Every structure is written in structure tokens, then in C-alpha cells.
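Chemist: Once you've had a glance at the structure underneath, I'll fire off some questions.
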Amino acid sequence: MDLVPNPGSPHSKNSGAISPSSRRQNFSTTSLAAASAGGAATSSSPPSLSRYESQKRRDWNTFGQYLRNHRPPLALSQCSSAHVLEFLRYLDQFGKTKIHTHMCPFFGHPNPPAPCPCPLRQAWGSLDALIGRLRAAYEENGGKPETNPFGARVVRLYLREVREVQSKARGVSYEKKKRKKPPQQEHHHPPPPPPAA
């Protein structure tokens, strides 16, 4: 997922202070600095983290940066499901998935034959995975499961709505595929011997 580690405030988007392109540029320099600093710090630490754990840590740091850049800045204890939704909508500006509008001739086509001016958004699958990682990270960082804003009903409903809209717009079915059960071997018993005459 294409997250930005130094996101600006969602309210500063139109203020002209930081453009999305400069944020992306800021992302690359920040991530390089973090990688080199992290490399030095982890050389004497225990075995490296799994890919999932590394991504979860990056996502958690990104969300923390988002809260710090919020206007006004927010502490994690003040974070609600409304802030989570605001964060997800903010991330759409960095998305790479084309979501066709109803007016687009390619609406509902999974493989459009030509480019179109429809907006790019974060893909539903990326957002769903992100929320799963942030939900786990929240509790690992001292948050209580019953107050976890990432597990709130309104967040689940938002993700469901995004999935439905994107599946219609892109013509992509998100239905879970049923696992095929391996064919059961039938035990054939040999026919009984013919009766003796």
C-alpha cells in the first residue's frame, strides 16, 4: 500500500503549505533516512521482523504522524472512529486504483481498453488490510480492545461501502471464493461372488 509517513493535516490540503507531490518527495527522503537509521539500530537487535510486523509498524508510525499533524494535534487517547475514517479518506489522494464514475464509459469493466479521467483511490483490499494491522497495533501499544477505534462498527460499514462501490465501478467481484473440497474417494467393495450352482 502506498502510504505516506509524513502526512500533513487533512485541513491543510488547500492551504498551499504542502502539495501532494512534495509530500511524496518528503516520503522518499524520510523513508531513506529512517531506513538508514533503522539499519544501524537493528544490527545489534534480535532477528529481523516479519514482513507483516514491519508493515504493521510502518502503518502505526504513519497513523501516529497523521495524528501529530492533525489540526489541532491529537493524542492517541483522543482518537475516535471518526478520525480513523478521516485518515482513510485522506489516504485516497495517494491511491493508485482507478475507480470509474457512473458517467464513465468503462464503469463496470474490469479491464478498460483505454485511459479515462476517473479518480485514483486506495483499493478496498489495501484499506481492509491496513485497518487489520492498525487494529492489532492499537492493542499491542496499550489500547483496550473495547475502545479500539479501528474495530468500530462505523469503520467496518465504511469498508463494506468502499468494497461495494469499487466492485461495481471496476467490475471486480469481491465475493469470497469457496474452497473446493477434495473429491472423496468412494470405497468400492468387490461384488459378491456368484452363488454356487
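The values are calculated or read from the model by the stated rules, or taken from the named source; none is laboratory data. Source: prediction; values computed, not measured. Note that we place each Cβ from the backbone using ideal geometry, even for glycine, and neighbour counts take in every protein chain shown. Note: accessible area is taken over every heavy atom of the protein model, side chains too, but ligands, DNA and RNA are not part of it. Shrake-Rupley method; radii C 1.70, N 1.55, O 1.52, S 1.80 Å.
Chemist: Might you let me know whether the stretch 67-80 holds any residue that is within 16 Å of the chain's Cα centre (by Cα), open to solvent by less than 30 Å² (accessible area, probe 1.4 Å) and at pLDDT 90 or above?
Modeler: no
Chemist: With respect to the numbered conditions (1) among the hydrophobic types (A, V, I, L, M, F, W, C); (2) over 29 Å from G64 (Cα atoms); (3) in a helix (DSSP H, G or I), which one is the sole condition not fulfilled by F150?
Modeler: Only one criterion in (1) among the hydrophobic types (A, V, I, L, M, F, W, C); (2) over 29 Å from G64 (Cα atoms); (3) in a helix (DSSP H, G or I) is unmet by F150, namely (2).
Chemist: Say we look at the stretch 47-81 and pick out the residues that are free of Cβ contacts under 8 Å to residues at least 12 places away in the same chain and of a type in the set (G, A, S); which of these is farthest from K144 (Cα to Cα)?
Modeler: S48
Chemist: Moving on to the next point. Within the bounds of the stretch 167-175, is there any residue that is modelled with pLDDT of 95 or more and in a helix (DSSP H, G or I)?
Modeler: Scanning the stretch 167-175 turns up no residue that is modelled with pLDDT of 95 or more and in a helix (DSSP H, G or I).
Chemist: Identify, please: which residue in the stretch 141-157 is of a type outside the set (S, T, N, Q) and open to solvent by less than 30 Å² (accessible area, probe 1.4 Å) and is, among those, nearest to P110 (Cα to Cα)?
Modeler: The selected residue is V155.
Chemist: Select from the stretch 82-114 the residues that are in a helix (DSSP H, G or I) and touching a Phe, Trp or Tyr at 6+ places or on another chain (Cβ under 8 Å) and list them in ascending order.
Modeler: Listed by number, the residues that qualify are V84, L85, F87, L88, Y90.
Chemist: Now for a separate question. Does K56 satisfy the criteria of being at pLDDT 80 or above, on the phi < 0 side of the Ramachandran plot and surrounded by 13 or more Cβ atoms within 10 Å (Cβ to Cβ)?
Modeler: Yes, satisfied.
Chemist: Identify all residues within the stretch 115-140 that are part of a loop (DSSP other than H, G, I, E, B) and either touching a strand residue (DSSP E or B) at 6+ places or on another chain (Cβ under 6 Å) or open to solvent by 80 Å² or more (accessible area, probe 1.4 Å) (or both); write none if there are none.
Modeler: Once the filter is applied, which keeps residues that are part of a loop (DSSP other than H, G, I, E, B) and either touching a strand residue (DSSP E or B) at 6+ places or on another chain (Cβ under 6 Å) or open to solvent by 80 Å² or more (accessible area, probe 1.4 Å) (or both), the stretch 115-140 yields P115, P117, C118, A123.
Chemist: Let me ask another. Of all residues in the stretch 89-101 being out of contact with any helix residue (DSSP H, G or I) (no Cβ under 6 Å at 6 or more places or on another chain) and in contact (Cβ under 8 Å) with a residue 60 or more places away in the chain, which is farthest from G64 (Cα to Cα)?
Modeler: That would be T101.
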